[in-house]
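Student: Quick one: this structure, given as structure tokens, is what I'll be asking you about.
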Amino acid sequence: MTALERLVRPDRYPRSSRYDPAWVLSLDMGPHPLWLLENLTRDLDLRPGMRVLDLGSGKGATSVFLAREFGVDVVASDWWIPADQAAAVFTEAGVDNRVRAVHAEAHQLPFEDESFDAIISVDAFEYFGTADSYLPYLARFLRPGGQLGMATPGMSREVRELGAIPAHIKEVVGWEAIAWHTPQWWRFQWEITELVTVTSARLQDDGWQDWLLWAQACASLEPGPQPVIDMLEKDAGELLGFTLITAVKN
């Protein structure tokens, strides 16, 4: 079995396995976004017709998945990818009637208050959402009872607790790992605001192995991901993985 074929895992990710892994890789901006999203949505209640903000939507794979799998109307918002580039992905995927691309920075969102039933962010929140003030800002855009879901690189112990970024992680990502928080950190960070009630906060089961499979598939196409592979193999699941957290607006 090739590294690309190993990205088809109907036993673990039945929804994601219906998508061509080469297509998902062509939209790469982080470890397998559809696996993370499929896992995350098990803790959410998404229903047809809901208006969902896909925050940090990248090149659009997660927005396509949300529209197809749940019948929701998606606003795909990203700062790094031009809206017309993402819109072309949505048109090709046949979901342009349900997904609208927006070019926006995460701290200057061009939306009205209480305009979304759910906000979801995959492989992006670590870049803009760790500040104490960010959750209160973001919650403005959720309707009362609206859902919030986020999947982000995480660790089983805080860097502050460890006293330093472990060498095998620092060699690859440097200071960025200080934003890779534990589920417990995120739970406290969100609940202390009293704006939301956290409904789940967990590390993805065997998340480091999923990450490794993705990096190996990327490396089969180009040599760049080898340092990430080395980092994950050295870690062997001791610290690295993904934090998945969901909440409901109070």
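Student: Ratio of the chain's C-alpha Rg to 2.2 N^0.38 Å, to two decimals?
Tutor: On the way: Rg = 17.3 Å, N = 250, 2.2 N^0.38 = 17.9 Å.
Output field value: 0.96.
Student: On the full set of protein chains, 1.4 Å probe, figure out the accessible area of MET29 and give it in Å² to the nearest 10.
Tutor: 80
Student: Shifting gears a bit: Taking the Cα centre of region 29-163 as origin, work out the dipole magnitude from +1 charges on Lys and Arg Cβ and -1 charges on Asp and Glu Cβ, in debye rounded to 20.
Tutor: 160
Student: Then there is this: Round to the nearest 0.05 the FRET efficiency obtained for GLN209 and ALA164 when R0 = 30 Å and r is the Cβ-Cβ distance. Could the numbers behind the result be given before it?
Tutor: Numbers: r = 25 Å, r/R0 = 0.84.
Calculated transfer efficiency: 0.75.
Student: Let me ask you something else. Share of antiparallel DSSP beta bridges in the chain, in percent to the nearest 5?
Tutor: If we restrict to bridges inside the chain, about 45 percent are antiparallel.
Student: Once the piece of chain linking GLU176 and LEU221 is laid out straight, how much longer is it, given 0.36 nm per residue of separation minus the C-alpha distance between them? Kindly include the intermediate steps, with their values, before the conclusion.
Tutor: Working: separation 45, 0.36 × 45 = 16.20 nm, distance 2.53 nm.
That pair, GLU176 and LEU221, stretches by 13.7 nm at full extension.
Student: How much FRET efficiency would the formula 1/(1 + (r/R0)^6) give for ASP132 and HIS103, where r is the Cβ-Cβ distance and R0 is 30 Å, rounded to 0.05?
Tutor: My answer for the efficiency is 0.65.
Student: Something else about it: Can you pull the three principal axis extents for the Cα set of region 61-190, in Å, largest first?
Tutor: Dimensions of region 61-190 along the principal axes of its Cα atoms: 49, 33, 26 Å.
Student: In addition: Mind checking the full-extension length gain between GLU112 and ALA83? Use 0.36 nm per residue of separation minus the Cα-Cα distance, one decimal, nm. Don't jump to the answer; show the numbers that get you there.
Tutor: Working: separation 29, 0.36 × 29 = 10.44 nm, distance 1.92 nm.
Here the segment from GLU112 to ALA83 would lengthen by 8.5 nm.
Student: Could you pull out every one of the lysines with an alpha carbon less than 24 Å from that of LYS234, ignoring same-chain neighbours closer than 8 positions?
Tutor: Those lysines meeting the cut-off are LYS170.
Student: Another question, then. Can you give me the C-alpha center-to-center distance between region 134-200 and region 53-129, rounded to a whole angstrom?
Tutor: When both Cα centres are located, 20 Å separates them.
The values are calculated or read from the model by the stated rules, or taken from the named source; none is laboratory data. These figures come from a predicted structure and were not determined experimentally. Don't worry about glycine lacking a Cβ; one is built from the backbone with ideal geometry, like all the others, and counts go over all protein chains shown. For the accessible areas, the whole protein counts, side chains as well, though only heavy atoms, and no ligand, DNA or RNA atoms are used. Shrake-Rupley method; radii C 1.70, N 1.55, O 1.52, S 1.80 Å.
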